[in-house]
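Here's the structure, in C-alpha cells; my notes come after.
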Amino acid sequence: MSLKIPTTYKEWSDILEQFATGENDKDVVERMKTGSLSWQSGVAERFITRFSTVINLRLDQATKTFQKRMTQANGAEGVIVQALLQLRKEMILLEDAVSINALPADMRKTFVKLIQDQRTSIQDTLIDSAKSERSGKLMSIIRNNKLK
C-alpha cells in the first residue's frame, strides 16, 4: 500500500489501516501530521470513529504486549526495563499520532488526554503492585523508568 499524504476519507482510511498494523510507524505518523481533511457532515463522524478505533486498538495492543513481557520477565531487571521503555516509546508515538492538524484542537486534546490517562493509570498500577515486593527492587526499576 503506497503511503500518500491523506486528504480524503479514503486516503485517511488507508493510512489508518497501515497505522493499525504498526508497520512503518515513523513514516505513517509523519504523513498523518501533514495530512488534512475537509470537515463535512458524515465524513467527520466516520473519520473520528475510524481514528478512535485505531488509537484504541494500538493502546490495547501496547498494554497487552507490556503485560505479556512483564509476566515473562520473572523479575529479570533488564527485561522489565525493556518492557517499560517499549511501552513508554509506544505511548509517545501514540501521543504524536493524535496530535495531528487534521483533527480540531478540542479533539486533539481529548485524544492526548486519553493516552496520558492510560499512561498514568498503568504507572499508578505498577507502583501499587510494586509496594508488595519486599526488596524494593521493582519499585526502584519502575520509578527510574517512568512511563510519564
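The values are calculated or read from the model by the stated rules, or taken from the named source; none is laboratory data. Nothing here was measured: the structure is a model prediction, and the numbers come from that model. Cβ sites come from the backbone with ideal geometry, for glycine too, and all protein chains shown count toward neighbours. Keep in mind that these areas ignore ligands, DNA and RNA; they rest on the heavy atoms of the full protein, side chains included. Shrake-Rupley method; radii C 1.70, N 1.55, O 1.52, S 1.80 Å.
Is it the case, given these coordinates, that residue 11 is assigned to a helix (DSSP H, G or I) and not β-branched (Val, Ile, Thr)? Judged against the criteria, residue 11 is a match. Please verify whether residue 57 is in contact with a helix residue (DSSP H, G or I) (Cβ under 7 Å, 6 or more places away or on another chain) and open to solvent by less than 30 Å² (accessible area, probe 1.4 Å), treating the condition exactly as stated. Here the answer is no, as residue 57 does not meet what is asked. Scanning region 29-45 for residues that are within 18 Å of residue 10 (Cβ to Cβ), of a type in the set (A, V, I, L, M, F, W, C) and in contact (Cβ under 8 Å) with a residue 40 or more places away in the chain yields a count of 3. The set of residues in region 112-137 that are in contact with a Gly (Cβ under 9 Å, 6 or more places away or on another chain) and of a type in the set (Gly, Ala, Ser) contains only 130.
Rundown of residues vs (1) of a type outside the set (Lys, Arg); (2) loosely packed, with under 12 Cβ neighbours inside 10 Å; (3) in contact with a helix residue (DSSP H, G or I) (Cβ under 7 Å, 6 or more places away or on another chain); (4) touching a residue at least 40 places away in the same chain (Cβ under 8 Å), yes/no style:
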| position | (1), (2), (3), (4) |
| --- | --- |
| 20 | yes, no, yes, no |
| 61 | yes, no, no, no |
| 66 | yes, no, yes, yes |
| 74 | yes, yes, no, no |
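Among the residues of region 31-43, none qualifies, meaning not one is at pLDDT 95 or above and either in contact with a strand residue (DSSP E or B) (Cβ under 7 Å, 6 or more places away or on another chain) or closer than 29 Å to residue 125 by Cα (or both).
Please find, among 48, 15, the residue that is in contact (Cβ under 8 Å) with a residue 12 or more places away in the chain and open to solvent by 30 Å² or more (accessible area, probe 1.4 Å).
Unique residue meeting the criteria: 48.
As a summary of the residue check, residue 27 satisfies the conditions (1) loosely packed, with under 13 Cβ neighbours inside 10 Å; (2) not in a helix (DSSP H, G or I) except for the one numbered (2). Per the listing 73, 62, 130, 83, the residue uniquely in contact with a Lys or Arg (Cβ under 7 Å, 6 or more places away or on another chain), over 22 Å from residue 8 (Cβ atoms) and of a type in the set (Gly, Ala, Ser) is 83.
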